[in-house]
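To start, the structure under review is shown below, and the notes come after it.
The values are calculated or read from the model by the stated rules, or taken from the named source; none is laboratory data. None of the values given here were measured: they were computed from a predicted structure. Note that each Cβ is placed from the backbone with ideal geometry, even for glycine, and that neighbours are counted across all protein chains shown.
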């Protein structure tokens, strides 16, 4: 990390000039071990912060101008002022930085002028939440330059609003919460209804989390995501007719779900069945991981993938192939797609000794099947966003 930070500081100086007090912010990506498309249904999710990250080198300014650059977009500097209305626009990547500044101001937080350079080791659109890392990291940068502090729960909510309003993605609260509040060496069981967190240890001597990027992104994600949310809302309306206390699919029991089969539109029924069963799998998975019952955890991962593939229909052939191939390697407990779907990544839970064999097997098999080279990340659970310098 030291070398890359030194390089970033040098690049920052070449872009914005030398001198002044420099801060370095780290915001991790995240992977969700299990609990997909449950967060916006008031359910449970089970993510962890990962080693791939966003780094932001920043320095305060004496005026109200904000300038952001990104190593991913050479030659582009996005500039706006925090003493004027902040509008979405070009370049699109900077709408995340604009959005978090605007939402902090809306929340009554004074936002200073800054110069900032971002570097990202997270794949864009890979389902590892690079967007939440940029939002939360940018918020920490503004707060740090301004000499302010904020609870990470509040920061996560502000970042979520920014993603809704400026990135136009109706995300749940999971991504921003784990990026802001992750705990090193632990996964987080997050109750998306009341934001209660339970941290479950992941022993690096016993487990590795392997993330495999399919390197495909089918251009369905945002529209299909919004459609799935609407379908869940339709299901809730159906169940609420018989039980007004039902506010979200979180409140629907397995018995209520089963009694609706044949009465509820078949497509809506399948969507609801995924969410109801996935919430149950997620809480059970956290219990199993805490008890080190890794084989059973892996079985739940497989059931989760099947449900996402068949009932929620957010998988794709590339993800299905990777999720099926990974458990063929001895020492791999289970695998599933992770993230919104339609491409992106799978996550596998493995013994440390199985990592090299898994990498070799998936690279060879995936190349043969799809003529593509997967990107593979081996990680342990890291801490959430922080000021590292």
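Points to keep in mind about this one:
- Inside the stretch 179-198, residues that are more than 19 Å from residue 278 (Cα to Cα) and either under 14 Å from the mean Cα position of the chain (by Cα) or part of a strand (DSSP E or B) (or both) make up a count of 5.
- Candidate set from the stretch 107-143 (those that are over 23 Å from the mean Cα position of the chain (by Cα) and touching a residue at least 24 places away in the same chain (Cβ under 8 Å)); member that is surrounded by the fewest Cβ atoms within 10 Å (Cβ to Cβ): 110
- Failed item, numbered, when residue 331 is tested on (1) at positive phi; (2) out of contact with any helix residue (DSSP H, G or I) (no Cβ under 8 Å at 6 or more places or on another chain); (3) without any contact (Cβ under 8 Å) to a residue 60 or more places away in the chain: (2)
- Condition met for residue 81 (at pLDDT 95 or above, closer than 17 Å to residue 145 by Cβ, in contact with a helix residue (DSSP H, G or I) (Cβ under 8 Å, 6 or more places away or on another chain) and not assigned by TED's automatic domain parsing to the domain that holds residue 277): no
- Looking at the stretch 211-324, the helices (runs of 4 or more DSSP H) lying wholly inside it that each contain 3 or more residues that are in contact (Cβ under 8 Å) with a residue 40 or more places away in the chain and surrounded by 14 or more Cβ atoms within 10 Å (Cβ to Cβ) sit at 221-242, 266-290, 294-310.
- Candidates in the stretch 168-204 are the residues that are closer than 27 Å to residue 86 by Cα and surrounded by fewer than 22 Cβ atoms within 10 Å (Cβ to Cβ); of these, the one that is modelled with the lowest pLDDT is 170.
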